[in-house]
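Just so it is clear, none of the values below were taken in a lab; they were calculated from the coordinates. Nothing here was measured: the structure is a model prediction, and the numbers come from that model. Every residue, glycine among them, receives a Cβ derived from its backbone with ideal geometry; neighbour counts consider all protein chains shown.
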Amino acid sequence: TLVERVPNLPPAAALEAWRGAGGTIDVERLRLVWGDARIDGAFTLALDAALQPILAGTAQLSGLDAVADALVRAG
């Protein structure tokens, strides 16, 4: 869900105006599955004063051993 409409301005000005108006992106449900690994969660994305992303949310993680093993195999 996009909270607040992004104004039709040059990109940096649009993001600053959007942030100033309380703009956020709310993700009510996120599911990522990679082999045996799984992440289920929800989060809100906003921008700080320097227009850098701020992310807050919750997640349940499972199968992280499979991710660690794959990273080790990949070097």
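Structural remarks
- Taken over the Cα atoms of the chain, the convex hull encloses 127 Å³ per residue.
- Per-residue 3J(HN,Hα) values for segment 52-64, derived from phi via the Karplus relation 6.51 cos²θ - 1.76 cosθ + 1.60 with θ = phi - 60°, read 8, x, 10, 10, 9, x, 9, 8, 10, 10, 9, x, 5 Hz in sequence order (x marks Gly and Pro).
- About the Cα centre, charge dipole magnitude for the chain (Lys/Arg +1, Asp/Glu -1 at Cβ), debye: 120 debye
- The value of relative contact order for the chain, using C-alpha pairs under 8 Å at least six residues apart, is 23 percent.
- 3J(HN,Hα) along segment 23-28, derived from phi through the Karplus expression 6.51 cos²θ - 1.76 cosθ + 1.60 where θ = phi - 60°, amounts to x, 9, 10, 9, 9, 6 Hz, with x in place of Gly and Pro.
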